[in-house]
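Presented below is the structure to which this report refers.
The values are calculated or read from the model by the stated rules, or taken from the named source; none is laboratory data. In this text, all values refer to a predicted model and were calculated from it rather than measured experimentally. Note that each Cβ is placed from the backbone with ideal geometry, even for glycine, and that neighbours are counted across all protein chains shown. The accessibility values were calculated without ligands, DNA or RNA, using every heavy atom of the protein model including side chains. Shrake-Rupley method; radii C 1.70, N 1.55, O 1.52, S 1.80 Å.
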Amino acid sequence: MSWLLEILQQTVRDIWAHKLRSTLTMFGISWGIASIIFMMAIGDGFKLGYRKMLSSMGTDIVILWGGRTGAQAGGQRAGRDVRFSYDDVLAIQRECYLVREVTPELARDLPVRSQFNSGSFSTHGIAPIYQQIRSMNLAAGRPITDGDFRAARCVCVIGEDVKRQLFAGRDSVGAQVFIEEVPFTVIGELAKKDQNNSYNGLDGNKVLIAYTAMAEHFPDPRPVVGPSYLDNLIFTPVSADDHEAALGQVKATLGRRHGFRPKDEGAVWVWDTVQSARMVATIYDSMQLFLTCVAVITLGLGGLGVMNIMLVAVVERTREIGVKRAVGAKRRRILLEFFVESLVLTLLSGLAGLGFAFAVCAVVDRLPLPTLFSGLPVTGLTAGIAFGTLVVVGLLASIYPARHASLLPPVEALRHE
């Protein structure tokens, strides 16, 4: 091990003797390795941000709206409106085994007043599971329960903006409000949600009641629609991987009940958040791959800089190499000396770049960030890829100069001036 310690001491002396040249060379490696960390972390930050944005609307949910048939089916004409009903929800629960949960949703803008203030708010008739699959957490009170649903109780859960307008800073849980002229008891307040994406309005502006109470007191007033009409259905598959098959089962059930072909794209409008998340993830992965390739090229150029400085060092130390060979140093010793010096120079540069990148990422993660961007998360995979690339570049940058130095003929090296 004494020979290795001697080589390391020689390496430190050589780097210190050419501080400016070594620093400039090390900067290229440092910036290259930091760039790899930054590019991969940026891609991961956007992917996590998009997942958080979708999770504010719901986790792995598929939203369906009735559309208009585009083809004839079952002897019925094309161009018919498809209107969902609560019986469709029951049919999906019975027949679609790949569907974990399904909920109806019936929404209307209705006047709501308390003893302090009033306003018009989006009022939604839902099943209790809606609150869970839509990622709705409570700041106070309790959610709508199955008992409330079965009994069609006149209870409601209000969003934070509704609470602010109707009650200001007062407690709302247990208070009475009137939706149109029907008295409802406030049983819960929704927690504030950082939400910039929705299909029917922000949750903070909503009043939630049981669908059974909605259908009883506030059905759609249009005669052609009927009292059991739904605005939309929401379901979650048993797993994200089963979402396409689950959607196929739901379309087949609805098609049988409403007389349209399951593959009729116009009959049912679909917002599949699972598919949307995967599509966006593919876009971010492509962007991340491109940026990482650019960063690797930058690191490769830094490796060429290390190779160049070591070749210069070989020329400068040609006579020294000749003396060492003349007094008995073997080719392997010369090879190891320059190999270790190149590798140490590369690894020191890379570790400095890693430290700089980790520090910057930690600072960015503590800043206030938009919903779509979750900072610069550095995963173990990111660090492993960066360090592995650094080692490969270091080895490639070290082999040629070391081999070149070891192959110098001793006699010609001694004659070098």
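Some observations on this one:
- Residue ID - modelled with the lowest pLDDT, chosen from residues in segment 367-386 that are of a type in the set (S, T, N, Q) and open to solvent by less than 40 Å² (accessible area, probe 1.4 Å): THR371
- The one condition in (1) modelled with pLDDT under 80; (2) under 18 Å from GLY49 (Cβ atoms) that VAL363 fails to fulfil: (1)
- Residue, modelled with the lowest pLDDT, within segment 21-48, restricted to residues that are closer than 22 Å to VAL393 by Cα and open to solvent by 60 Å² or more (accessible area, probe 1.4 Å): ARG21
- Residue in segment 352-366 that is outside any helix (DSSP H, G or I), out of contact with any Phe, Trp or Tyr (no Cβ under 9 Å at 6 or more places or on another chain) and open to solvent by 50 Å² or more (accessible area, probe 1.4 Å) present: yes
- Residues in segment 108-140 that are charged (D, E, K, R) and within 30 Å of THR59 (Cα to Cα) were compared, and the one that is surrounded by the fewest Cβ atoms within 10 Å (Cβ to Cβ) is ASP109.
- Close contacts from segment 95-112, counting a first residue that is assigned to a strand (DSSP E or B) and a second that is crowded, with 17+ Cβ neighbours inside 10 Å and acidic (Asp, Glu), with Cβ to Cβ under 7 Å and a gap of 6+ residues or different chains, come to GLU105/ASP231; LEU106/ASP231; ALA107/ASP231.
- Counting only strands (runs of 3 or more DSSP E) wholly contained in segment 145-254, the ones carrying 3 or more residues that are among the hydrophobic types (A, V, I, L, M, F, W, C) and either open to solvent by 30 Å² or more (accessible area, probe 1.4 Å) or touching a residue at least 60 places away in the same chain (Cβ under 8 Å) (or both) occupy 176-179, 206-210, 232-237.
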